[in-house]
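In what follows, a structure is listed as structure tokens, so that the remarks can point back to it.
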Amino acid sequence: MSDWIEIGTLNDIPQLGARVVTSDNGNIAVFRTAEDKVFAIKDECPHKQGPLSQGIVHGDRVACPLHDWKIQLDTGTAVAPDEGCAATYPVKMEGNKIMLSLKPNEGCPNQ
Amino acid sequence: MKERLVVIGNGMAGMRTVEELLKLAPDAYEIQVFGEEPYGNYNRIMLSPVLAGEKTIEEIMLNDLKWYEDNNITLLKGKKAVDIDRKARKVIADDGSEVEYDRLLIATGSTPFIIPVPGHELAGVVAFRDIADVDAMLEAAGKYKKAVVIGGGLLGLEAANGLMQQGMSVKVVHIMDTLMERQLDEPAAKMLRTSLEERGMEFLMGAQTASIEGKDRVEKVCFKDGSSVDADIVIMAVGIRPNIALAEKVGIHCERGIVVNDTMQTFDPRVYAVGECVQHRNETYGLVAPLFEMGKVCANHLAKHGIGRYEGSVTSTKLKVTGIDLFSAGDFTGDDTTEELVFQDAASGVYRKIVVQDNKIKGTVMYGDTIDGTWYFDLMRDQTDITDFRSTILFGQAHLGDSGHGDDNRVASMSDTAEICGCNGVCKGDIVSAITEKKLFTLDDVRAHTKASSSCGSCTGLVEALLAHTVGGDYSVAPHLKPICACTDHTHDEVRAVIRDKNFKSIRELQQFMEWKTSDGCPKCRTALNYYMVCQWPETHSADDAQSRFINERAHANIQKDGTYSVIPRMWGGGTTPDELRAIADAAEKFNIKTVHVTGGQRIGLYGLKKEELPVIWKDLNDAGMVSGHAYGKALRTVKTCVGKEWCRFGTQDSTHLGVELEKMTWGSWMPHKFKLAVSGCPRNCAEATIKDFGVVCVDSGYELHVGGNGGIKVRATDFLCAVTTEEEAMEYSAAYIQLYREEAHYLERTAPWIERVGLTHIKENIVDDAENRKQLAERFHYSQQFMQDDPWEARANGAQQHEFNAIKQINA
């Protein structure tokens, strides 16, 4: 079972923006879309490890700040024809609070 | 139940339409295709290289049989449509079978014209139209020696070249006195003939074929003047005719071709037609580019999107003979009302003619070096006024301020809308963004992703140069006249006008109003829109959306490859003090800076800072009196100066002082792209003012003002704007010029391409000739600057925007 950690509130993240959760296992980027959906992804682009948290969020995607790869926020996969994925993490809302699990979702080998 | 679409003709036009249709509405129709040839769909225009042995049939297949299966298309291979019952809506095949349709697409192409001279039906007389013809020619080349090609046009010469490559001796018979008279003028035709003769091709000019003679197969070709030549094979390549037999038979209105309207509909509204078989606005086309344009429009209407009209094509011609470059477009003969610009160097085999009317290009013929053909073609199609560069236009676009780069940089100087692949309508911008966004490294990759160079291959050289160029260096693409990005159909200028006229101060509201196709845009359009908002409404802070800025401008530092940042404080006019240097040294030690580097803009960069350290180091630098250098932004960067007359024995004016004043006036301003200034104290120009966006060269009598230069990928020297006598004037002209650029250039368009787009004359009219306008521009700049000149570092060092720099949560296991 996942251990949920409270990391902050929705208001802590700007719409179409991201914040970083630091941990001993590397940084996790937490995104907030225009529709207030929240996603958590390992803060490393599968391409050259660019910090995705620094990218421009659009729709359900983020553009890596280094070489403009587009990463799908829900799955962590790169938008074709680019290939690769960043690990995603379970995240849920409890009221206004954002809850994160440090155990990555299955599916992406890049953990 | 699905509607049924029947396509008669399995050629390029028909299948291109189907491909486009599948993209728009993959499930709209059950599709059946009549194809007389026993193959999938192949690239007919590549038959010449196949004949020449440069390509194989497999290489020119566009859609193999599997593609039809994968897309649930029934290919009626080898079946010929012989009748259409338009009332019952069915097509009848030669074997008596019937296929019903809801919509019918006729794409029967064209048939080669065979001169009906006696003997034209003899064995060994072939046309040059399909794979069977090529097979017949290749077979003949294996057995026989002598080939005669009747027709000295594009097709005939390509056939002749191919047969020669196959080892035959080839004579070309042409009824006119010059080759390719429909595409070339006399000088170009002569040069072409000379180089083909050097390759061993023989010509019989002004020769009228009377008969073809032989017992079982062709033996000789006889002419009206009584002479004759021996022949083992005769290629008839005198022209093509739209294939309208079937349409005519069933009563669909035809003239020279099947008559269609702008939506590619024939007079029977259920029946569409595309390709070489159609006649549109009284034109018929035998080239590939129009077919693709037609296909796009037709597919759109078949998919019932109901937008898009085909309005005719402006076409250009290239000859696909390896080693021979020629290009022709438009009206290249001219008349009493036109003028000719001609460059001719017979010894090096270069010829260029441009026909001009009222300073606009009507047509062009080029031979030998055709790389600028696409540029001339663009200028012709857009009817651009060429007054500003008329005297240099014949030397090509590369000549415009290029300071001596290699060939690959000639593609760099093309505009983003310059069409590279005329067949598929792929522009330089498309290719470059595909290469950069998709990380393409090979020609095949570029072909797969963009389709450029995948049809006739004439542009392969250009695509390769573009590839070499783009992969070779860091390169930012300046959009130009086209939609801002895939999120919208609106152009930069349209969007700006709406922001201005309708008072939009929110990106989201603007996108909704202008019917953006995506929910909240993309990095490309959001950054552009944000700049336009900031430029239009400098006093409205909420118009500046941090989330629509690239990270560098959001964090006020430059992100590096490892995710750390660089910090570069401003050094006014390149000057500094011991105190500033001490503060920088202290900061470098305190933050363990690995790299301290003197930048090209006369200041000092500190590299490798973690993001959370930024506000802290900024505080230290602020305390020593330094502010942000904006080295990270599409903004005013630096003002480079030399020490001028204060120290230099050659100095004519106080260049350092003027540089500092200019920087004090302009710092903090956001721009369409980065913007650099320089002031040199004398014409020796040590501050390199003539490769800056705005440069001042001091002279004894005052100040020369230069505009539109840049270093970088493609060096462009400035254009001379004017000379002024006082510092105050230099400042006013500078402010006005900057504001004009801020208001008119497209986002990510530097001053150099902007000036090449709008013309130096336009700048002069606004800045030099119109004193009142200059004053107003300068005032608008100063008005904007009062809201921009807050040091972003200071605010953040004092706690603003903390969420940008701090983690939301630190978790320790």
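All of the numbers you see were taken from the coordinates with simple rules; none came from a lab. Owing to the predicted nature of the structure, the values given are computational and were not obtained by experimental measurement. All Cβ positions, glycine included, derive from the backbone under ideal geometry; neighbour counts span all protein chains shown.
Some points to look at:
- Net charge of the neighbourhood of residue B:204, taken over other residues with C-beta under 15 Å away and scored Lys/Arg +1, Asp/Glu -1, is 0.
- Relative contact order of segment B:712-813, defined on C-alpha pairs under 8 angstrom at six or more residues apart (%): 31 percent
- C-alpha center-to-center spacing [segment B:731-760, segment B:243-276] in angstrom: 50 Å
- Segment B:593-694: trypsin sites (Lys or Arg not before Pro) in DSSP coil with no more than 13 other Cβ atoms inside 10 Å: B:594, B:610, B:649, B:684
- Over all other residues within a Cβ to Cβ distance under 10 Å of residue B:171, the charged ones net out to -1, with Lys and Arg as +1 and Asp and Glu as -1.
- Within straight-line cross-link reach of residue B:215, lysines at Cα separation under 26 Å, skipping those fewer than 8 residues along the same chain: B:143, B:145, B:146, B:171, B:224
- The dipole here belongs to segment B:553-623: it is taken about the Cα centre, uses +1 on the Cβ of Lys and Arg and -1 on the Cβ of Asp and Glu, and is about 240 debye.
- Ascending count of other beta-carbon atoms within 10 Å, so fewest first, for B:1, B:533: B:1, B:533
- Global form of segment B:654-791, assessed from the alpha-carbon gyration tensor, a/c cut-off 1.5: rounded
- Cα-based radius of gyration for chain B, normalised by 2.2 N^0.38 Å, reads 1.14.
- Within segment A:45-111, GluC sites (Glu not before Pro) in DSSP loop having at most 10 other beta-carbon neighbours inside 10 Å: A:106
- Across peptide B:801-808, the average count of Cβ atoms from other chains found within 10 Å of a residue's Cβ is 5.
- Applying the criteria of a DSSP loop state and at most 15 other Cβ atoms within 10 Å to the trypsin sites (Lys or Arg not before Pro) of segment B:531-573 yields B:561.
- Among B:174, B:490, the order by Cβ neighbours within 10 angstrom, fewest to most, reads B:490, B:174.
- Between the Cα long axis of helix B:186-198 and the first principal axis of chain B there is an angle of about 70°, rounded to the nearest 10.
- Relative to one another, the C-alpha centroids of segment B:503-540 and segment B:332-348 are positioned 48 Å apart.
- Additional length obtainable on full extension of the chain from residue B:58 to residue B:358, 0.36 nm per residue less Cα span: 103.1 nm
- Prolate/oblate/rounded call for segment B:492-549, Cα gyration tensor, a/c under 1.5 rounded: oblate
- Toward the positive end of the charge dipole of chain B, with +1 on the Cβ of Lys and Arg and -1 on the Cβ of Asp and Glu, the farthest Cα among B:48, B:730, B:753 is that of B:48.
- Taking all Cα pairs closer than 8 Å and separated by 6 or more residues, the relative contact order of chain B comes to 7 percent.
- For residue B:520, net neighbour charge (Lys/Arg +1, Asp/Glu -1) across residues whose Cβ lies under 15 Å away: +3
- By the beta-carbon count within 10 Å of each Cβ, the least crowded to most crowded order of B:227, B:415, B:316, B:680, fewest first, is B:227, B:415, B:316, B:680.
- Inter-site label distance for residue B:256 and residue B:111 at 7 Å from Cα along Cβ, in nm: 1.8 nm
- By the helix-only formula, in which each DSSP H run with n ≥ 4 contributes -39500 (n - 2.57) and the sum is divided by residues, chain B has a 222 nm mean residue ellipticity of -9500 deg cm²/dmol.
- Extension gain (nm, one decimal) between residue B:599 and residue B:513, 0.36 nm per residue minus Cα-Cα: 26.6 nm
- Tally of Lys pairs whose C-alpha atoms are under 21 Å apart, taken over segment A:4-101, 8 or more apart or cross-chain: 7
- Relative to the longest principal axis of the Cα atoms of chain B, the long axis of helix B:154-165 lies at roughly 80 degrees.
- The modelled label-to-label distance for the pair residue B:249/residue A:34, using points 7 Å beyond Cα in the direction of Cβ, is 5.6 nm.
- Full extension of the chain segment joining residue B:648 with residue B:801 gains 50.5 nm, where the gain is 0.36 nm per residue of separation less the Cα-Cα distance.
- Prolate/oblate/rounded label for segment B:261-332 (Cα gyration tensor, a/c 1.5): prolate
- Remark: spin-label model distance residue B:497-residue B:773 equals 1.8 nm, labels positioned 7 Å along the Cα→Cβ axis.
- Theoretical FRET efficiency, 1/(1+(r/R0)^6), r = Cβ-Cβ of residue B:699 and residue B:789, R0 30 Å, to 0.05: 0.45
- Sequence-distant contacts, meaning Cα pairs under 8 Å at least 6 residues apart, place the relative contact order of segment B:1-58 at 43 percent.
- Cross-link table B:2/B:296; B:428/B:676; B:318/B:674; B:362/B:428, entries beyond 30 Å C-alpha to C-alpha: B:318/B:674
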